[in-house]
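S.K.: Okay, here's the structure, questions in a sec.
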Amino acid sequence: MCNCTCIRAGLSVSTQVAQIRPDDNPKSLVTIEREPMIGEAPQRAFDNWLTPNPLFYVRNHFDIPDIHCSEWRLRIDGVVSRNSELTLDELKELPRVTLPITMECAGNNRSDLDPPAPGNQFQNGAVSTAYWAGVRLKDVLAISGIGDGAEEVLFEGHDHGSPAPGEPEMPYLRSLPIDVAMHPDTLLVYEMNGQALPKEHGHPIRLMVPGWYGMASVKWLKRITVLDMNYEGFFQTDRYIIEDETGSTVPLTNIGVKSVIGSPSEGDTVRMGKVCVKGTAWSGGERIAAVEVSCDGGETWTRADVVGPSERYAWQHWHYSWTPPAPGEYSLMSRAIDARGKVQPMKTHWNRLGYMVNGVRSVTVSVRA
Ligand SMILES: Nc1nc2c(c(=O)[nH]1)N[C@H]1C(S)=C(S)[C@@H](COP(=O)(O)O)O[C@H]1N2
Ligand SMILES: [Mo]
């Protein structure tokens, strides 16, 4: 076992929430783009199991809309028994549900791709974890009553603009299959780590689809429409798809199994003796069953110790105590295996839009006497 004290191993989720002091963490995302605001979490954010709100990555397609809670209404229509319009207070009267959930942008680690793919050149900070509170989407839909033939549910955000050169102005719109929408863990959330949902994360209400890449969790919700067909808008069929070798496309859904080494960092020099290798691992909607570490460039693998909370929808912190055999240069790697036996791939499957970059990464360190 490592004896590092940085991870608060064994503490309950509520204790972890209580230990976040946002004021200790001034806002300091690594800026990818200013307008619209896109930023990734700095490396130090990975020391916490829950990411403090000011360090939680932000990915916006358009400017952040200005919404006043007193005027906000959620419209529900489409294939329903009756249209409805809910105020924030009415929504909050539904049973409260809380879940720790890791969200990863589908473009996280895009900058690792060779050849490069266009888009935001995220390093590994477009992934973060929060303790979310809200209501079940299925309870909200029950107010309107799902009609016969419902196939999908469409979510519209208050934000809008032209998403790419030559594209018309549009809101951020995404749909979910009806069974995912009705899943008891699919939430409409109003709190993040015990605080009201911050402006940049979808205030006052956002969708939260645990286990899915971030694009599914529509922010600044305005309208929910039940559909009896498949939605084929820009953010559904032009983006967030992976093309296979035959040219046919598969929509992105669950987050691919992945792990990263948080420390030591690329290029670090460490002294002979015990070295604590630390990192995180996650997989969309599945617990992490094991993390393995290789300190010889992938020749041999040894199991790391999992530390901290193990939750279905949240990342798993891990430690590995490594004793280098001799001074020199080493390539460290980690790979995760989830509860369904899915193993993190050695290589990312390169794709044109640069999504799901979950291949094993290596960190080169020098060991000196
Ligand atoms: N309305 C709206 N919802 C949105 C987006 C957006 O631009 N507009 N971006 C999506 C993408 S691509 C991601 S990765 C997540 C990011 O959520 P965060 O900014 O709270 O981290 O929100 C998703 N929901
Ligand atoms: Mo994203």
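The values are calculated or read from the model by the stated rules, or taken from the named source; none is laboratory data. Everything numeric in this text was worked out from a predicted model, so none of it was measured. Cβ placement follows ideal geometry from the backbone for every residue including glycine, while neighbour counts extend to all protein chains displayed. Just the protein is used for accessible areas: all its heavy atoms, side chains included, with ligands, DNA and RNA removed. Shrake-Rupley method; radii C 1.70, N 1.55, O 1.52, S 1.80 Å.
S.K.: If I filter the range 93-139 down to residues being within 15 Å of ligand 1 (Cβ to nearest atom) and of a type in the set (D, E, K, R), which single residue comes out as farthest from residue 44 (Cα to Cα)?
M.R.: Ranking the candidates gives 110 first.
S.K.: Related question: For the subset of the range 156-169 comprising residues that are part of a strand (DSSP E or B) and open to solvent by 20 Å² or more (accessible area, probe 1.4 Å), which member is farthest from residue 206 (Cα to Cα)?
M.R.: Within the range 156-169, the first condition is being part of a strand (DSSP E or B), and the residues that meet it are 156-161.
Keeping just the survivors that are open to solvent by 20 Å² or more (accessible area, probe 1.4 Å) gives 156, 158, 160.
Details: 156: 10, 158: 11, 160: 15 Å.
Residue satisfying both the conditions and the ranking: 160.
S.K.: Among the numbered criteria (1) within 16 Å of ligand 1 (Cβ to nearest atom); (2) in contact (Cβ under 8 Å) with a residue 12 or more places away in the chain, which single criterion is violated by residue 66?
M.R.: Exception for residue 66: condition (2).
S.K.: Can you pull out every residue in the range 340-361 that is open to solvent by 60 Å² or more (accessible area, probe 1.4 Å) and farther than 14 Å from residue 243 by Cα?
M.R.: 340, 342, 343, 346, 347, 361
Residue-wise test of (1) within 16 Å of ligand 1 (Cβ to nearest atom); (2) of a type in the set (Lys, Arg); (3) modelled with pLDDT of 95 or more.
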site: 47; (1), (2), (3): no, no, no
site: 53; (1), (2), (3): yes, no, yes
site: 71; (1), (2), (3): no, no, yes
site: 78; (1), (2), (3): no, no, yes
site: 86; (1), (2), (3): no, no, yes
site: 91; (1), (2), (3): no, no, yes
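S.K.: What pairs come up if the first residue lies in the range 212-224 and is in the same structural domain as residue 58 (by TED's automatic domain parsing) and within 9 Å of ligand 2 (Cβ to nearest atom), the second is in a helix (DSSP H, G or I) and among the hydrophobic types (A, V, I, L, M, F, W, C), and their beta carbons are under 7 Å apart, counting only those six or more places apart or on different chains?
M.R.: The qualifying pairs are 215/235.
S.K.: Inspect all residues belonging to the range 77-94 and state whether any of them is within 16 Å of ligand 2 (Cβ to nearest atom) and either within 26 Å of residue 168 (Cα to Cα) or not in a helix (DSSP H, G or I) (or both). Give the steps one after another, and end with the answer.
M.R.: Step one: of the range 77-94, the residues within 16 Å of ligand 2 (Cβ to nearest atom) are none.
No: the range 77-94 contains no residue that is within 16 Å of ligand 2 (Cβ to nearest atom) and either within 26 Å of residue 168 (Cα to Cα) or not in a helix (DSSP H, G or I) (or both).
S.K.: Sticking with this structure for a sec: Could you list all residues from the range 269-287 that are under 22 Å from the mean Cα position of the chain (by Cα) and open to solvent by less than 20 Å² (accessible area, probe 1.4 Å)?
M.R.: Within the range 269-287, the subset under 22 Å from the mean Cα position of the chain (by Cα) is 278-287.
Scanning the range 269-287 gives 279, 280, 281, 282, 283, 284, 285.
S.K.: Okay, moving on. Only one of 180, 153 is more than 9 Å from ligand 1 (Cβ to nearest atom), more than 18 Å from the chain's Cα centre (by Cα) and not in a loop (DSSP other than H, G, I, E, B). Can you tell me which?
M.R.: Only one candidate qualifies: 153.
S.K.: Only one of these conditions is not met by residue 178: (1) within 28 Å of residue 37 (Cα to Cα); (2) buried (at least 16 other Cβ atoms within 10 Å of the Cβ). Which number is it?
M.R.: Failed condition: (1).
S.K.: Quick check on this structure: which one of 145, 134 is in the same structural domain as residue 39 (by TED's automatic domain parsing), more than 16 Å from ligand 2 (Cβ to nearest atom) and in contact with an Asp or Glu (Cβ under 8 Å, 6 or more places away or on another chain)?
M.R.: On the way: 145 fails: in contact with an Asp or Glu (Cβ under 8 Å, 6 or more places away or on another chain).
One residue alone meets the criteria, 134.
S.K.: Tell me the residue from 210, 251, 198, 264 that is over 26 Å from residue 60 (Cα atoms) and either open to solvent by less than 10 Å² (accessible area, probe 1.4 Å) or at pLDDT 95 or above (or both), please.
M.R.: Numbers: 210 fails: over 26 Å from residue 60 (Cα atoms); 251 fails: over 26 Å from residue 60 (Cα atoms); 198 fails: over 26 Å from residue 60 (Cα atoms).
Result of the check over 210, 251, 198, 264: 264.
S.K.: So residue 224 fits all but one of (1) open to solvent by 10 Å² or more (accessible area, probe 1.4 Å); (2) more than 21 Å from the chain's Cα centre (by Cα); what number is the exception?
M.R.: Of the numbered conditions (1) open to solvent by 10 Å² or more (accessible area, probe 1.4 Å); (2) more than 21 Å from the chain's Cα centre (by Cα), the odd one out for residue 224 is (1).
S.K.: Name the single residue, out of those in the range 95-126 being within 15 Å of ligand 2 (Cβ to nearest atom) and of a type in the set (S, T, N, Q), that is most open to solvent (accessible area, probe 1.4 Å).
M.R.: Looking only at the range 95-126, we keep the residues that are within 15 Å of ligand 2 (Cβ to nearest atom), and these are 101-111, 117-126.
Now restrict to residues that are of a type in the set (S, T, N, Q): 102, 108-109, 111, 120-121, 123-124.
Details: 102: 5, 108: 1, 109: 0, 111: 50, 120: 18, 121: 79, 123: 119, 124: 19 Å².
That would be 123.
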